[in-house]
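To start, the structure itself, in structure tokens.
The values are calculated or read from the model by the stated rules, or taken from the named source; none is laboratory data. Worth saying up front: this structure is predicted, and the values here are computed from it rather than measured. Here Cβ is always computed from backbone atoms with ideal geometry, including for glycine, and neighbour counts include all displayed protein chains.
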Amino acid sequence: MRAEGPFFIVFNIGSGHGDPEAAKRIIDEAMKAAGRQYELLPVESGPQAPELARQAVEKAVQQNGIVVAAGGDGTINTVAHAVLESGRPFGVLPQGTFNYFGRANQISQRIEESVQTLLTGRIKPVQAGLMNDRLFLVNASVGLYPKLLEDREIFKKRFGRHRIVALWSAMRTLLRSRRHWLLQLEDERGREATLLTPTLFVGNNALQLEQVGLPEAEAVEEGHLAAVALKPVDRWKMAGLMLHGALGRLGQAESVINFAFRELQVEPAKRRHRPLKVAVDGEVYKLAPPLRFRVAEQKLQLIVPEPT
């Protein structure tokens, strides 16, 4: 089934390293050629995004339209969070550094092609994850990973928004970190465990999990989330884990704990009332524990390319 109606496009002009004006021209030309109405809602600063996403959803509901996110995984997350409960069709124009969500759903990073997907694609229900009330499409985590993202932003401001910069920053953070968290876990079956780890990572993107060699990628495709935690290791073993991930063999490493679930409650064994720094699709927040990771009941009505 194809999505009909006007498009309301929340466009983050700061995402990626392309030319936003050129992207706007491509969108305008494609929409006019197809005879489709659209409205562009430009995001000039991060704090604007949630309000513009809310406006886009409101207009789409009133006019039987389609909500579109143009930007990186963070922008896509913000717009998806607003659109999920509305049930309106959702489109993406991937413009970020990694674009895991778009790539996992075969949506091109070339804007000429992704705009055509909006116009000619079909609707596919896509799973969303939740950490408490925050939606995530790619991953959510607690522990070291939020620190990694903060360091990555500092590096990007100094050296540019490129994948090699992000990877260099990640290696530096992982090798220098010494902090561990003692976490208490309980899954949907009531099974409990205590875990000492530098980070707990929860994935909802099969492509990302496949790239590092985790078998839970298949479980995500079947309606679960994937938990990944590292055992406490020294610097040399951490370097070895990074090599395993780069070679697509992380699931084979002895220092990795990984499992699939549909619901998982996580809280620190100490200082239970202190807010935790968490990461959600590349953005960092503070949330009060316990953290409840779960598969959302609703699915996003995503516009994807027709199969070839």
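Just name the residue that is nearest to the chain's Cα centre (by Cα) out of those in the range 60-73 that are crowded, with 22+ Cβ neighbours inside 10 Å and in a helix (DSSP H, G or I). Let's see the steps before the verdict.
Residues of the range 60-73 crowded, with 22+ Cβ neighbours inside 10 Å: 60, 65-73.
If we keep only those that are in a helix (DSSP H, G or I) too, we end up with 60, 73.
Numbers: Ala60: 23, Asp73: 5 Å.
So the residue we want is Asp73.
At least 1 residues being over 17 Å from the mean Cα position of the chain (by Cα), among the aromatic types (Phe, Trp, Tyr) and outside the structural domain of Ala193 (by TED's automatic domain parsing) is the threshold, and among the strands (runs of 3 or more DSSP E) wholly inside the range 266-308 not one reaches it.
Count, please, the residues in the range 105-115 that happen to be surrounded by fewer than 17 Cβ atoms within 10 Å (Cβ to Cβ) and over 17 Å from Leu209 (Cβ atoms).
Here is the first cut: in the range 105-115, the residues surrounded by fewer than 17 Cβ atoms within 10 Å (Cβ to Cβ) are 106, 109-110, 112-113.
Adding the requirement that they be over 17 Å from Leu209 (Cβ atoms) leaves 109-110, 112-113.
Looking only at that region, the number is 4.
Residue selection: Leu209 satisfies the criterion of being within 18 Å of Ala253 (Cα to Cα), assigned to a helix (DSSP H, G or I) and at pLDDT 90 or above. Only one of the numbered conditions (1) within 18 Å of Arg122 (Cα to Cα); (2) under 20 Å from the mean Cα position of the chain (by Cα); (3) aliphatic (A, V, I, L, M) is violated by Val57, and that is (1).
Among Leu118, Leu135, Leu84, which is assigned to a strand (DSSP E or B) and either buried (at least 19 other Cβ atoms within 10 Å of the Cβ) or outside the structural domain of Leu40 (by TED's automatic domain parsing) (or both)? The conditions single out Leu135.
Looking at the structure I just gave you, is Glu44 free of Cβ contacts under 8 Å to residues at least 40 places away in the same chain and either at negative phi or surrounded by 13 or more Cβ atoms within 10 Å (Cβ to Cβ) (or both)? The answer is yes for Glu44.
Looking only at the range 266-294, count every residue that is crowded, with 18+ Cβ neighbours inside 10 Å and without any contact (Cβ under 8 Å) to a residue 12 or more places away in the chain and tell me the total. Here the count works out to 0.
With respect to Ile123, is the statement that it is surrounded by fewer than 24 Cβ atoms within 10 Å (Cβ to Cβ), under 22 Å from Glu44 (Cα atoms) and aliphatic (A, V, I, L, M) true?
So Ile123 does not fit the description; no.
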